[in-house]
Amino acid sequence: MSALLLRDVRLAARAGGSAMLALAFFAGVATLVPLGVGAELPRLARIAGGVLWVAAVLAALLALDRLFQADFEDGSLDLLALSPLSLEAVAAIKASAHWLATGLPLTLLSPLLGVMFGLPPRALLALFVSLLLGTPAVSALGAVGAGLTLSVRRGGLILPLIVLPLLAPAVIFGAGAVLEVLDGIPNGALGLLGAFSFCACVLSPFATAAAVRLNLGS
Amino acid sequence: MLRYANPTKFLALSRALRPWLAGATVLLLGAGLALGLRVPPDYQQGETVKLMFLHVPAAWTAMMAYGLMAAASLVGLVWRHPLADQAAKAAAPLGALFTALGLLTGSLWGRPMWGAWWVWDGRLTSFLLLLFLYLGYIALWNAVEDETRAARAAAILALVGAVNLPVIEFSVQWWTTLHQGESIVRAGGPLIAGVYLWPLFLMALGYTLLFVSLWLMRIETAILERRARTVMLEGG
């Protein structure tokens, strides 16, 4: 299990892997926003939570279509399916590796971007915690989409269409957690986000495994 | 019930039922519209209240369609029955259409009531997400080449969507209460007078039967298309 996890993380982390690309994309999107909406810091601070959350989701989606694809093409996915590891476990490990390679670096980078958006320290903390709690759900639900589009040529094109509506709650609660601090009105966003993320992470591997299984075709 | 899982028996039943359903649809929609157009203007909304009879049933039907699609998907996934797959596939474009109709009439209603074509109201936003769910489902069906695989992939997506839909609904409602001032509570609420309730009821039933008629027709077409393909393959 840990061997598979390590292998996937190493593949993503090496030069040209998805981790750096996702980070660069995240920072790039975040840079374009002030150019589009204007540079006044109060306004930027107001939208920072939402913008960074949307950018993080998009950046995580970017790397998703290769989640199973490469292993599918070179046949290692068949070997994994034949291994004593259940396909549900493989799905969970793959999603975890995706999170370690994209979600976690994005979360670590987010305070820096938050400072550039003029967020006060306590809101930075809320942003950081909300991404830490919420990005696993993005990886878990994204893995379902990656499994479903496995045998689709250019599946990366319909993957976002499938996954984005499912991720709406994460963006809403994530951005809500930052607003909670800015407005000073308790709204319980972090708790809801944690609950959503927990359910997504527990349930998604089953759907992912079912999707991968049907595409392996037996 | 299981008897009609056989495509031939289903075809016979569906063909026998369809004229009656279509007739009832026309009658109900006609009666609903006739009554609906004659209701007195609402004290707050004026004449625009009549849009409710087109809008609300469309929204209900769109949600029912997703429920039926998910149920058919579950049957198709568990019992591997091709007819259920076809039923789920046939429901999706109709559901998307009713969702779009709900959004369109909602937008037309919103213009005089809220002064904007679109407001980020909880219901509107969750309906927009519902539309995207439908579109993703249809796109997945079309993208996977092998039909049995497409059916199973789409069924999994429909079920994941069905589990997530209440959460999306809840989160969007939560979000609109967070953004106070942008959401406008609709006048009327549950206190709808009987004079409005009757046409609404008739229209809702009419929309439902319209959906069922079209659904049966699409399933029939799918079965016949499949047979035509088989004949072509055998003959060619």
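The values are calculated or read from the model by the stated rules, or taken from the named source; none is laboratory data. Just so it is clear, the structure is predicted and the values come from calculations on it, not from any experiment. Neighbour counts run over all protein chains shown; Cβ positions are idealised from the backbone, glycine included. Side chains are part of the model used for accessible areas, which takes the heavy atoms of the whole protein and leaves out ligands, DNA and RNA. Shrake-Rupley method; radii C 1.70, N 1.55, O 1.52, S 1.80 Å.
Values computed for the structure shown
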read-out	value
Accessible surface of the protein assembly as shown, 1.4 Å probe, proportion on carbon and sulfur as whole %	72 percent
Positive dipole terminus of chain A, leading residue within A:ALA143, A:ALA13, A:PHE196 (C-beta point charges)	A:ALA13
14 Å Cα-Cα reach of A:LYS94 towards aspartates and glutamates, excluding residues that sit fewer than 8 places from it in its own chain	A:ASP8, A:ASP65, A:ASP71
Volume per residue that the Cα convex hull of the protein assembly as shown spans, once the total is divided by residue count, Å³	171 Å³
With Cα atoms, 0 to 90° folded angle of helix B:194-235 axis to chain B main axis	20 degrees
Other protein chain Cβ atoms within 10 Å, averaged over every residue that makes up B:136-143	6
Partner lysines for B:LYS9 [C-alpha distance under 28 Å; skip if fewer than 8 residues away on the same chain]	B:LYS89
Heavy atoms of B:THR8: accessible area, 1.4 Å probe, square angstrom to 10	80 Å²
Accessible area per residue in Å² at 1.4 Å probe, computed on the protein assembly as shown	47 Å²
Measure of compaction for the range A:2-216 (Cα Rg per 2.2 N^0.38 Å)	1.03
Helix B:52-79 vs. chain B, principal-axis angle (Cα, 0 to 90°, nearest 10)	30 degrees
A:GLU180, B:GLU145, A:GLU73, reordered so the largest accessible area comes first (probe 1.4 Å)	B:GLU145, A:GLU73, A:GLU180
The range A:1-77-the range A:159-214 distance, computed between alpha-carbon centres (Å)	16 Å
About the Cα centre, charge dipole magnitude for the protein assembly as shown (Lys/Arg +1, Asp/Glu -1 at Cβ), debye	680 debye
Whole-Hz ³J(HN,Hα) from phi, Karplus 6.51 cos²θ - 1.76 cosθ + 1.60, for the range A:22-28, glycine and proline x	5, 4, 5, 4, 4, 5, x
